Every structure is written in structure tokens, then in C-alpha cells.
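Only the coordinates and a few stated rules stand behind these numbers; no lab work does. For clarity, every value in this text was computed on a predicted model and none was experimentally measured. Using ideal geometry, Cβ is built from the backbone for each residue, glycine included, and neighbour counts are taken over all protein chains shown.
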Amino acid sequence: MVNQMWALNRLFTITVSESTYLIWRIRCDWKITPEGDPSKKITETEIVNRWVKMVAERIKLDILSSDSQKYNAKQHQGKQS
């Protein structure tokens, strides 16, 4: 049960941090690139696609970094009770 909660907390942290970063990135892209022109807004589909790709890549990296066979003692561990 503790391991499940740790995994859910880890997923929540990844989702929130990546979402926040994407919001910041999209805002910067919109403000800097087309100088804030409202007619050149990023579409909702593009935002969803970018978010899915970002979160999937981050989760993949998290899974790889916690691979005990490959990284043995270097892996990050869940909170031990």
C-alpha cells in the first residue's frame, strides 16, 4: 500500500510539474514568436499533443531511472516505512 501511494504521488508530481512547464513554454512561445498576436494562438489539439508527448517522455525516463537491474544502487527508491 505504501508503494502504491508513493507511485501515485510520483505520478502526480510528474503531471503537475510537466503541465506547469508546458503552460509556461506555450505562453513564452506565443508572446515571443508571433509577438502576442491573438490570431496566431496555438490550437487546443496542439496543446494536448504536446502535453501527452511531454508526460509520456517524462514517465518513460522515470521508469528507466528506477530500473533496479540496470542501475542497481543508483535507482531512486520509494519512501521506506
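For segment 20-26, backbone phi angles converted through the Karplus equation (6.51, -1.76, 1.60; θ = phi - 60°) give residue-by-residue couplings of 4, 4, 5, 4, 4, 4, 5 Hz, Gly and Pro being listed as x. Listed values for segment 54-59 are Karplus-derived 3J(HN,Hα) couplings in whole Hz (6.51 cos²θ - 1.76 cosθ + 1.60, θ = phi - 60°), namely 4, 5, 4, 5, 5, 5, and x replaces Gly and Pro.
Ordering of 18-27, 1-10 by packing is 18-27, 1-10, highest average first (other Cβ atoms within 10 Å, averaged per residue). A straight Cα-to-Cα reach below 13 Å connects Lys41 with the aspartates and glutamates Asp29, residues fewer than 8 places away in its own chain not being considered.
Between Met1 and Thr33, the simple label model (points 7 Å from Cα in the Cβ direction) yields a spacing of 4.8 nm.
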